[in-house]
Structure formats: C-alpha cells, structure tokens
Amino acid sequence: MSGDPVQTNPGQYSVLFENDRVRVLEYRDRPGFESVEHSHPDSVMITASSFRRRLSSGGRTVDVDIPAGSAHWLPAQTHSGRNTGQTDTHSFFVELKEPSPHNPPDGEALGPQAS
C-alpha cells in the first residue's frame, strides 16, 4: 500500500482522534483538487457534504457522487482522487486498525461500497 493520507495530503487530511483500535480523520478539499496517491485501511466514511469525485488506482477509475449525511464502507485500498464537482468535499473516515481476514488483494477495491 502507498502512504498514509495524513502524510501524503497534509493540507486535506487531519487526525481528529486516535487510539489503539481506530483513527478518525477529517478530509476537506475544493473543486478541482487532486490528491496524491495514498492508502486507507478498512474504514467507514461519513460525509458532511455532498460531492463528486473521480478515484483512480492502477489504471482504473471510478466516478462517485455521494450525498451529504451518508455513511459508506470503504474496504482497504490505495487511490488518488479528484474533486470533479462544484462543491467542497468534507468527510470523515473512521479507520479500523485491525485488518479484516476477508480483505480483497490490494488493488481490487476502489471507492466506497454499498454494504
């Protein structure tokens, strides 16, 4: 996996809380912003704003349009992202520190999952 998003994109990600089981990140960006490739462990993403993004990894891209006030499972993955919408992105990530024994190999998951 690539780097920690707090290290690769320090102007967008900040740590709000951390203990031995979880880490909670806040993420913010503006339309047109493109993040540096980074990795997320299994996480729950909670959106404070609605936004559109293009996520890219290993030559694949996925466009997502996510409403405000929603929660999504984000399986462990490495990606970069571009804000392709007209609104700022504001979201929170609750990162799990204990990996699931059922994770797909790195590179299979891209973007939030329905369940």
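The values are calculated or read from the model by the stated rules, or taken from the named source; none is laboratory data. Since the structure is predicted, the reported quantities are computational estimates derived from the model, not experimental observations. Ideal geometry is used to build each Cβ from the backbone, glycine not excepted, and the neighbour counts take in all protein chains shown.
Can you confirm whether P75 is out of contact with any helix residue (DSSP H, G or I) (no Cβ under 6 Å at 6 or more places or on another chain) and under 13 Å from E95 (Cβ atoms)?
Working: out of contact with any helix residue (DSSP H, G or I) (no Cβ under 6 Å at 6 or more places or on another chain): yes; under 13 Å from E95 (Cβ atoms): yes.
Answer is yes for this residue.
Just need a number here: residues in the range 16-26 that are touching a residue at least 60 places away in the same chain (Cβ under 8 Å) and either farther than 22 Å from P75 by Cβ or part of a loop (DSSP other than H, G, I, E, B) (or both). Before the answer, list the steps.
Keep residues of the range 16-26 that are touching a residue at least 60 places away in the same chain (Cβ under 8 Å), which gives 16, 20-26.
Subsequent filtering for residues that are either farther than 22 Å from P75 by Cβ or part of a loop (DSSP other than H, G, I, E, B) (or both) retains 20-21.
Residues meeting the conditions: 2.
Given (1) buried (at least 17 other Cβ atoms within 10 Å of the Cβ); (2) at pLDDT below 95; (3) not hydrophobic (A, V, I, L, M, F, W, C), where does E98 come up short, assuming only one miss?
(1)
Hey, among the residues in the range 57-87 that are polar (S, T, N, Q) and in contact with an Asp or Glu (Cβ under 8 Å, 6 or more places away or on another chain), which one's surrounded by the most Cβ atoms within 10 Å (Cβ to Cβ)? Lay out the reasoning, then the answer.
Keep residues of the range 57-87 that are polar (S, T, N, Q), which gives 57, 61, 70, 77-78, 80, 83-84, 86-87.
Still in the running and in contact with an Asp or Glu (Cβ under 8 Å, 6 or more places away or on another chain): 57, 77-78, 80, 83-84.
Details: S57: 21, Q77: 25, T78: 17, S80: 17, N83: 20, T84: 15.
Ranking the candidates gives Q77 first.
From the list P5, P67, P10, P75, exactly one residue is of a type outside the set (S, T, Y), out of contact with any Gly (no Cβ under 7 Å at 6 or more places or on another chain) and modelled with pLDDT under 95. Which is it?
Details: P5 fails: modelled with pLDDT under 95; P67 fails: modelled with pLDDT under 95; P10 fails: modelled with pLDDT under 95.
Going through P5, P67, P10, P75 in turn, the sole match is P75.
Is it the case that some residue within the range 20-37 is charged (D, E, K, R), under 11 Å from the mean Cα position of the chain (by Cα) and crowded, with 19+ Cβ neighbours inside 10 Å?
no
Scan the range 74-97 for residues that are over 19 Å from G11 (Cα atoms) and under 10 Å from the mean Cα position of the chain (by Cα) and jot them down.
L74, P75, A76, Q77
Between a first residue in the range 42-58 that is on the phi > 0 side of the Ramachandran plot and free of Cβ contacts under 8 Å to residues at least 24 places away in the same chain and a second residue that is surrounded by 16 or more Cβ atoms within 10 Å (Cβ to Cβ) and hydrophobic (A, V, I, L, M, F, W, C), which pairs have beta carbons less than 9 Å apart while being 6 or more apart in sequence or on different chains?
Between residues of the range 42-58 that are on the phi > 0 side of the Ramachandran plot and free of Cβ contacts under 8 Å to residues at least 24 places away in the same chain and residues that are surrounded by 16 or more Cβ atoms within 10 Å (Cβ to Cβ) and hydrophobic (A, V, I, L, M, F, W, C), there is no close pair.
Just to be sure I understand, how many residues within the range 68-98 are touching a strand residue (DSSP E or B) at 6+ places or on another chain (Cβ under 7 Å) and either of a type in the set (K, R) or assigned to a loop (DSSP other than H, G, I, E, B) (or both)?
Here is the first cut: in the range 68-98, the residues touching a strand residue (DSSP E or B) at 6+ places or on another chain (Cβ under 7 Å) are 68-85, 87-97.
Then drop every residue that is not either of a type in the set (K, R) or assigned to a loop (DSSP other than H, G, I, E, B) (or both), which leaves 68-70, 75-76, 82, 84-85, 87-88, 97.
Qualifying residue count, the range 68-98: 11.
How many residues does the range 27-67 hold that are under 20 Å from G11 (Cα atoms), β-branched (V, I, T) and part of a strand (DSSP E or B)?
Summing the residues that are under 20 Å from G11 (Cα atoms), β-branched (V, I, T) and part of a strand (DSSP E or B) in the range 27-67 gives 2.
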